[in-house]
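Below is one structure, written out as structure tokens; the observations come after it.
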Amino acid sequence: KEDRSGKGAYRMFEPAMRSKLKQRREMELDLKAALDAEQFELYYQPFVDMAEKRVSGFEALLRWNHPEKGMISPADFIPLAEEAGLIERLGVWCLETACSEAASWPGSMTISVNLSAMQFKSATLLADIDRVLAKTKLAAERLQIEVTESLFLDESDRVLDILKEMRRRGLTVSMDDFGTGYSSLGYLSKFSFNKIKIDQSFVRDMGRAENIAIVRSVIGLSKSLKMQVIAEGIETGEQMRALLAEGCLEMQGYFFSTPQPKEELPRVIAEITKRWTGDLAVAAGAT
Ligand code: C2E
Ligand code: MG
Ligand code: MG
Ligand code: MG
């Protein structure tokens with residue numbers, strides 16, 4: 001055993017780092033087994049269209065029901081799946097499961113699927129999408145893809161071409177968590193997005209003047225670039241009303257519904273529909 005760093009870093013490696021690494025390796029093995037054991041599940045959270053007064057679609061959010069550790073957040077295991085080389089398989093599983101579920105919904109509802117930047121390195125991403133759409137008979141216009149700004153770390157023609165091809169097929173391409181990452185504004189048009197998701201961190205405290213200013217300029221930007229805009233993380237009626245006042249008409253957040261398993265979606269839709277004669281009507285009436 002040698003100290004490769006040559007700076008004594010090896011000693012710091014023990015024992016805390018070693019057990020962390022061990023834990024991580026165990027989790028990666030668990031992940032591999034989990035795909036086969038069907039421990040993954042998609043939950044769905046509605047997008048609410050305040051202008052049309054309806055649920056316009058759902059975002060698929062991945063859950064890992066670990067036999068011992070219980071529900072694990074995607075924020076924790078997606079990076080692991082990327083490191084373990086499992087993200088491609090897992091991503092295709094999500095795409096296929098989400099699209100086949102959405103195919104049973106009313107034709108006006110969309111399904112939004114998150115893609116990891118690493119999936120754009122897969123040689124078969126577009127072919128996988130084509131195959132899933134053909135197999136599930138879901139219209140391409142009903143599929144939305146969400147990517148984060150980490151995609152810009154790799155400013156290759158390849159990523160650009162894939163995004164263009166997605167658009168050409170009729171998919172909606174959304175910039176998720178907008179304003180929290182690496183993007184320069186030029187990327188928005190260069191990479192041909194057609195939807196911006198305002199990050200929940202800006203929505204959370206709309207009482208702060210700075211956050212209102214950011215939300216307002218993102219909405220303005222989306223209008224100038226002729227892109228759709230949606231805000232995520234709405235938890236209160238006050239936040240909903242503030243966003244409406246700024247002209248953001250599509251929303252998502254616990255205020256409408258937390259992510260739910262597919263069995264619950266008819267109830268989610270019915271409950272939101274009922275609220276159009278109640279608290280939502282009051283707010284929407286003000287627009
Ligand atoms: P995201 O795509 O930005 O999803 C929004 C996250 O905020 C979700 O967390 C959602 O449950 C949560 N959320 C929604 N409304 C509210 C709200 O009103 N208040 C608060 N505090 N949180 C809210 P989740 O499900 O834990 O997912 C975390 C992230 O993991 C996602 O962020 C996405 O980046 C990633 N992710 C989830 N599913 C997938 C997937 O299938 N594939 C990939 N590559 N990434 C995924
Ligand atoms: Mg998302
Ligand atoms: Mg987001
Ligand atoms: Mg996020």
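Any idea which of Thr172, Thr136, Thr148, Thr124 is of a type in the set (Ser, Thr, Tyr), modelled with pLDDT under 95 and either within 24 Å of Leu42 (Cβ to Cβ) or within 16 Å of ligand 4 (Cβ to nearest atom) (or both)? When all the criteria are applied, what remains is Thr148.
Conditions (1) open to solvent by 20 Å² or more (accessible area, probe 1.4 Å); (2) within 16 Å of ligand 1 (Cβ to nearest atom); (3) hydrophobic (A, V, I, L, M, F, W, C); (4) at positive phi, marked per residue:
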{"residue": "Ile145", "(1), (2), (3), (4)": "no, yes, yes, no"}
{"residue": "Asp157", "(1), (2), (3), (4)": "yes, no, no, no"}
{"residue": "Arg167", "(1), (2), (3), (4)": "yes, no, no, no"}
{"residue": "Gly170", "(1), (2), (3), (4)": "yes, no, no, yes"}
{"residue": "Ser184", "(1), (2), (3), (4)": "yes, no, no, no"}
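In segment 187-196 there is no residue that is open to solvent by 30 Å² or more (accessible area, probe 1.4 Å), within 16 Å of ligand 4 (Cβ to nearest atom) and touching a residue at least 24 places away in the same chain (Cβ under 8 Å). Candidates in segment 55-70 are the residues that are touching a Ser or Thr at 6+ places or on another chain (Cβ under 9 Å) and under 20 Å from Arg24 (Cα atoms); of these, the one that is nearest to ligand 3 (Cβ to nearest atom) is Arg63.
The residues of segment 191-216 that are out of contact with any helix residue (DSSP H, G or I) (no Cβ under 6 Å at 6 or more places or on another chain) and within 26 Å of Phe120 (Cα to Cα), listed by number, are Phe193, Asn194, Lys195, Lys197, Asp199, Gln200. The set of residues from segment 71-96 being closer than 18 Å to Arg24 by Cβ, outside any loop (DSSP other than H, G, I, E, B) and of a type outside the set (A, V, I, L, M) comprises Pro74, Asp76, Phe77, Pro79, Glu82, Glu83. For segment 234-243, the criterion of being among the hydrophobic types (A, V, I, L, M, F, W, C) and open to solvent by 20 Å² or more (accessible area, probe 1.4 Å) is satisfied by at least one residue.
Matching residues to (1) of a type outside the set (Gly, Ala, Ser); (2) more than 15 Å from ligand 2 (Cβ to nearest atom); (3) under 27 Å from Pro259 (Cβ atoms):
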| residue | (1), (2), (3) |
| --- | --- |
| Leu115 | yes, no, yes |
| Leu126 | yes, yes, no |
| Asp154 | yes, yes, no |
| Glu165 | yes, yes, no |
| Ser192 | no, yes, no |
| Lys195 | yes, no, yes |
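Farther than 19 Å from Ile145 by Cβ, β-branched (Val, Ile, Thr) and either open to solvent by less than 40 Å² (accessible area, probe 1.4 Å) or modelled with pLDDT under 95 (or both), is that true of Ile72? So Ile72 passes the test. Sub-6 Å Cβ pairs linking a first residue in segment 101-120 that is without any contact (Cβ under 8 Å) to a residue 60 or more places away in the chain to a second residue that is assigned to a loop (DSSP other than H, G, I, E, B) and surrounded by fewer than 23 Cβ atoms within 10 Å (Cβ to Cβ), at least 6 apart or interchain, are Ala102/Leu138; Ala103/Lys137; Ala103/Leu138, ordered by first then second residue. Does Ala213 satisfy the criteria of being away from ligand 4 (no atom under 16 Å from the Cβ), hydrophobic (A, V, I, L, M, F, W, C) and farther than 21 Å from Met175 by Cβ? Answer is no for this residue.
The values are calculated or read from the model by the stated rules, or taken from the named source; none is laboratory data. All values reported here derive from a predicted model rather than from experimental measurement. Positions of Cβ are backbone-derived with ideal geometry, glycine not excepted, and every protein chain shown enters the neighbour counts. Each accessible area value is taken on the protein alone, full model and side chains, heavy atoms only, with ligands, DNA and RNA left out. Shrake-Rupley method; radii C 1.70, N 1.55, O 1.52, S 1.80 Å.
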